[in-house]
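Have a look at the structure below before the remarks.
The values are calculated or read from the model by the stated rules, or taken from the named source; none is laboratory data. Just so you know, these numbers come straight off a predicted model, no measurement behind them. Positions of Cβ are backbone-derived with ideal geometry, glycine not excepted, and every protein chain shown enters the neighbour counts. Ligands, DNA and RNA are stripped out before the accessible areas are found, and what is left, the full protein with its side chains, is counted by its heavy atoms. Shrake-Rupley method; radii C 1.70, N 1.55, O 1.52, S 1.80 Å.
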Amino acid sequence: MNTKTFRVRILRQDGPSEKPYWQHYRVEYEPDMNCISVLQKIARLGTTEEGRPVAPVAYEANCLEEVCGSCTMLINGRVRQACTALVDHLLADQPELIELRPMTKFPVLRDLVVDRSRVFVSLEKVKGWVPVDSYLDLGPGPRQSQEAQQLAYQYSKCMCCGCCMEACPQFLKIELDRRPGETDEQFRARQREAYMRSFLGAHAIGQVELFNMNPIGKMNASERLDALTSEGGIQVCGNAQNCVKVCPKEIPLTTAIAREGRAATWHTLRKWFDR
Ligand code: SF4
Ligand code: SF4
Ligand code: FES
């Protein structure tokens, strides 16, 4: 009996400053596989399509249920999570071949693993949290209406996957070269500084919307709006709306961008009149 197989091509890279290259594999078909099981099969196989022994492809995955965002990559040219990309669906759209490559807007660490620290630097910039000044039991927070809770829930689903940034024409890749003699710590500090000044991305605007609508979080609304109107802030958004189309959590990012754009304008005017 002939075993059904399909081809997988993966854009590999041996390290951050190495050149990327394509490698092809032939994988045995099984029903109900996702792209993580494809990568596991390739690791077990240990050889390319031509039978050449190779090191397993590096990739990240954790929850396997589209919650952690770590397995985000380009699958047949579309940014999405490998754990929920089903082989049956992919082969139905494009028979015989599945293509995997790392996201293009983040520095590649190895193969399909990218450095997404910029996603978190943006959250740090906009203070994407509700500050607490004690670990004591502070009792229940202020009551919120069902409508407010449901709206907040939509934004709270963000898993920092990077899809909205990958699809955004205004979110440009920043790749810094190491300076001679620079330590890891010095390099990371320089990288963080560059991230702080660059476009923060739609996810961060969504989180400003979330925390500025929170009854306690809104106490820091002004600081978040300061961040949103600083260099690399909401003014960089060109309203292409790609972000909302690719968000796997269907977060209403363009609603957040419109609402926070208005809030940012009022904030700037208020500051100007208060001078
Ligand atoms: S609407 Fe703004 S954040 Fe979203 S893709 Fe367009 S430019 Fe990027
Ligand atoms: S807003 Fe959506 S696409 Fe962007 S990081 Fe969050 S979950 Fe991912
Ligand atoms: S492994 Fe967590 S989203 Fe895919």
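Quick look at the numbers
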| read-out | value |
| --- | --- |
| Total residues in the stretch 160-175, condition open to solvent by less than 50 Å² (accessible area, probe 1.4 Å) and either within 16 Å of ligand 3 (Cβ to nearest atom) or within 18 Å of residue 109 (Cα to Cα) (or both) | 8 |
| Qualifying residue in the stretch 233-255 (condition: of a type in the set (A, V, I, L, M, F, W, C), more than 13 Å from ligand 2 (Cβ to nearest atom), in a loop (DSSP other than H, G, I, E, B) and farther than 24 Å from residue 162 by Cβ) | no |
| Unmet requirement for residue 158, which otherwise passes all of (1) under 17 Å from residue 259 (Cα atoms); (2) in contact with a Lys or Arg (Cβ under 7 Å, 6 or more places away or on another chain) | (1) |
| Entirely in the stretch 78-123, the strands (runs of 3 or more DSSP E) that have 2 or more residues that are more than 12 Å from the chain's Cα centre (by Cα) and not acidic (Asp, Glu) | 97-101, 108-110 |
| Residue 253 vs. criteria out of contact with any Cys (no Cβ under 6 Å at 6 or more places or on another chain) and more than 16 Å from ligand 3 (Cβ to nearest atom) | no |
| Residue among 143, 101 that alone is out of contact with any Pro (no Cβ under 7 Å at 6 or more places or on another chain), away from ligand 1 (no atom under 16 Å from the Cβ), under 18 Å from residue 37 (Cα atoms) and among the charged types (D, E, K, R) | 101 |
| Which numbered condition residue 172 misses (of (1) within 15 Å of ligand 2 (Cβ to nearest atom); (2) in a loop (DSSP other than H, G, I, E, B)) | (1) |
| Residue match in the stretch 207-223 (condition: of a type in the set (Asp, Glu) and either within 16 Å of ligand 3 (Cβ to nearest atom) or buried (at least 16 other Cβ atoms within 10 Å of the Cβ) (or both)) | yes |
| Test set (1) assigned to a loop (DSSP other than H, G, I, E, B); (2) farther than 30 Å from residue 221 by Cβ; (3) open to solvent by 30 Å² or more (accessible area, probe 1.4 Å) - residue 57 fails condition number | (3) |
